[in-house]
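Scroll down for the structure; my scribbles are underneath it.
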Amino acid sequence: MYFNRQVLIFLGICLVSAILEPLLSHGTAANRGQIAFVSVRDGNPDIYVMDADGKHRRRVTTHSAEDLNPSWSPDGKKIAFVSNRNAGYIQVWVIDADGRNPIRLTDGVWDQNPEWSPNGKKIAYQAYRKKALNVDFEERNYEVYVMDADGSNKNRLTDGQEFDGHPSWSPDSKKIVYSSRRENRIAEIYVMDANGRNEKRISQNINDRENKFMPAWSPNGKRIAFVHHSQIYVMDSDGENQRKITEKRMNRYPTWSPDGTTLAFESWERHGAEHGIYLIDVSDGALAPIGEAHKQGDFQPDWLNTAGLSVSPGTNQISVWGRLKDAASSLR
C-alpha cells in the first residue's frame, strides 16, 4: 500500500509538471496557448495556428478551396473548420492540428461555424436549410445542429423562423448559447440545454435595431461575449451587467483566453479591407494587435482552451485536479 501511494504521488508530480511547464514558460496568462485563425497571407483563405503572442505561425491547410471558421478540439489535437472543397458545398471538416487527415463531417449545402464541445464528444454548428420543399435559395433558414465529433448522429436543435446560429458551449457541455432572429426580426442571444430544450433569451434590450450575434462562453462559465453593432460586449451568463468593451474599428468573432481575462477577436477599419486579430483586456479595455497579424488579412480566431485545465484570473493558479483524479482512478 505504501509503495502504491508513493508511485501515485510521483506520477501526480510528473503529470503536474508536464502540464504546467509549457504554460508557465510563456509570459503572462493571456499570452499562453495557441490561436487557430484564417489568413489570406498566401493568397487563399486557409487555416493557420500561432502562439497567442503572434509567434510561430504555421499553415495547417493548403487546399485551393476556401477554408474558414476554425474550432479547436479540447485536447488540441484536431481542428474543425468549414470548407467548400467538396464540389463548392460549404461543409464542416476536421483535420489533425499538424494538417494531416482532413475528413468531411457534414453533407449539407451550407454548414458553418462549428464549435467543439468542451468534453470533446460533440460539435455544434449552424446549417442552411429550406423552410419547405421546392422553395428558392433565399427562402432557406439557418438552424443550430449538433453531431458526434466523428460526424455521426446529426440532430437539429432549433426550429426558428429565420436564423439560429453561432453556437457556443458552456464549459460543462450542458448548455449552448446562440444567436436567434425571432422577435421583430432582430437577433438576440439565447441559451438552451444541449438537447435543444428550455430555450431562453438572455440578452437585454439596447435602444437600436442592430443584431446581437457571435456569442462566446467564457472558460469559467460566468460571462458571455457577443457582437453588437460591430463592437464587442460582455455580459454575465444570465444576461445581466451587459457592457461594451470596444469603442473603435469593426469587430467580430470574440474568443476567450484560457484564464478568461482577455478576448481575441477579428478587427478592421471601417473603410479598410484588411483584417487583423487583436487582443483586449476585459477588465480595463487595453487593446493591442497580435504581432503584425493586423497587416496580413487574418481573421476568425479561435483560442485553444485545453479540456480539464483552467487558469484562475489574478492568481494564475492552475487547476488540474480532474486529470490527477483520472490518473489516480486508473491505478486502482
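What follows is calculated from the coordinates using simple rules that are stated; it is not laboratory data. Since the structure is predicted, the reported quantities are computational estimates derived from the model, not experimental observations. Because the Cβ atoms are built from the backbone with ideal geometry, glycine has one as well, and the counts that use them run over all protein chains shown.
To one decimal place, what Kirkwood hydrodynamic radius in Å is obtained for the stretch 34-316 from all pairs of distinct Cα atoms?
18.8
Which part of the stretch 181-198 falls in the paramagnetic zone of Asn119, meaning amide N under 12 Å from the point 7 Å along Cα-to-beta-carbon?
194-195
Return a whole-number percent for the relative contact order of the stretch 34-316, with Cα pairs under 8 Å and 6 or more residues apart as the contact set.
It comes to 13 percent, rounded to a whole number.
Run the numbers for Val40 and Asp148: contour at 0.36 nm per residue of separation, minus the present Cα-Cα distance, in nm.
Here the answer is 35.8 nm.
Points 7 angstrom from Cα along the Cβ direction at Lys174 and Ser230: gap in nanometres?
Computed distance between label sites Lys174 and Ser230 equals 4.0 nm.
Separation between the Arg270 and Asp53 pseudo-spin-labels, each 7 Å from Cα along Cα→Cβ, expressed in nm?
3.5
Taking the Cβ of Ala52 as the centre, find all other residues whose Cβ is under 12 Å away and add up their charges (Lys, Arg: +1; Asp, Glu: -1).
-1
Measure off 7 Å from each Cα along the Cα-to-Cβ vector at Arg201 and Val109, then give the distance between these two points in nanometres to one decimal.
Distance between the two pseudo-spin positions: 2.9 nm.
How would Tyr125, Tyr142 line up from fewest to most surrounding beta-carbon atoms within 10 angstrom?
Tyr142, Tyr125
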